[in-house]
Each structure stands twice: as structure tokens, then as C-alpha cells.
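The values are calculated or read from the model by the stated rules, or taken from the named source; none is laboratory data. What you see is a predicted model, and the numbers here were worked out from it, not measured in a lab. Heads up, the Cβs are rebuilt from the backbone with ideal geometry, glycines too, and the neighbour counts pull from every protein chain shown.
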Amino acid sequence: MAPAIPLPGTDVSLRVRGCTASQGTAVSSAFVSDARLTGGQDDLSGQTRVRTSLKAGAYDVRITCADYSFTGRISVDESRPGTRPDTDSDTGSGPDTGPSPVAPVHAGGGGTAAGADTSTLFATVAPTGSGPGAAQALTGLALAGCAAVTVGALRSRRSRNDG
């Protein structure tokens with residue numbers, strides 16, 4: 001894992017060796033969201049972010065790949081989010097990363113996120129090749145004709161039996 005001992009709010013890179021699958025997951029209450037691990041040849045990697053609201057300490061990380069899973073640990077530094085442990089946090093001289101999500105952000109797809117300017121949304125339709133071809137049209141007409149003949153035959157049979 002890089003960095004080896006992250007701060008709250010830090011992006012971390014995870015690496016798992018010895019897994020024969022091409023993908024896996026790393027799940028922890030310390031992470032903003034589960035890390036998707038991808039790769040190949042016994043080497044998977046992925047990225048996630050440590051929660052900004054996290055207290056210093058050790059947290060379990062559950063790694064799953066193929067039919068195998070195991071638990072590791074992540075240690076989180078006690079420094080405030082956005083400061084490095086080697087700087088004086090009282091002077092504010094450390095870098096400030098600003099606010100960070102504490103959970104996955106809910107966003108819509110295709111411009112459906114809250115507050116989107118809907119006046120600029122549009123859809124395009126291909127002018128050619130977007131409808132059914134001649135074969136599909138003829139098949140549809142034949143099926144509709146068969147359905148009409150079947151309904152007519154059933155009604156005439158029913159009216160003969162009622163009369």
C-alpha cells in the first residue's frame with residue numbers, strides 16, 4: 001500500500017500479489033468506497049481514499065479475489081487531514097487538501113445530476129438505419145395478419161356455437 005501509513009483523506013494505492021484472478025476487491029470501513037482491484041499474472045492493484053472523518057488506528061481490510069479472501073490491516077496516522085506528520089500543524093504550513101467526500105457521491109448519468117442545466121440536454125437520432133428494415137417490416141405485417149385471422153376465426157366459431 002502506498003503510502004504505508006496514510007492520513008485521513010489520503011488517496012491510497014493498493015497492490016495484491018499471488019492472486020490468480022484478473023480482478024478482486026478490497027473492503028474496509030476505513031475507505032470511502034470499496035477498491036476495485038484489477039490486473040493479471042498474480043498482481044492486482046487499485047485505488048481508493050481513506051475517510052476524512054477517520055480516527056487514528058488500525059482498521060481491517062478484507063481482500064477478495066477469485067474464490068479466496070483474506071484480511072489485512074491498514075494503519076491510519078493521527079495527524080489531521082491534509083497535514084503531513086513532519087510539518088508543524090499549528091503553523092498551518094502543511095498542505096491542505098480541502099474537504100473530501102466521506103462516502104461515494106450520488107450522481108446521475110447523462111446529465112441527471114441535481115442542479116444540471118436541462119436547457120442544454122438533447123438527444124440525437126440517426127437519420128438512417130434507425131428503424132426496422134424491410135425484412136422486419138414484412139415479418140411484422142405477416143404476424144399481425146395471422147393474429148387478425150386467428151381472432152376472426154375464433155369469433156366466427158363462437159358466434160356459430162352461441163346461435
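Of the candidates T64, T48, the single residue that is out of contact with any Gly (no Cβ under 6 Å at 6 or more places or on another chain), at pLDDT 85 or above and not in a loop (DSSP other than H, G, I, E, B) is T48.
Only one of the numbered conditions (1) within 23 Å of the chain's Cα centre (by Cα); (2) modelled with pLDDT of 85 or more; (3) in a strand (DSSP E or B) is not met by G72, and that is (1). Counting the residues of region 29-45 that are surrounded by 19 or more Cβ atoms within 10 Å (Cβ to Cβ) and part of a strand (DSSP E or B) gives 4. Name the single residue that is surrounded by the fewest Cβ atoms within 10 Å (Cβ to Cβ) among those in region 1-28 being small (G, A, S) and under 22 Å from D67 (Cα atoms). Restricting to residues being small (G, A, S) and under 22 Å from D67 (Cα atoms), the top hit is G18.
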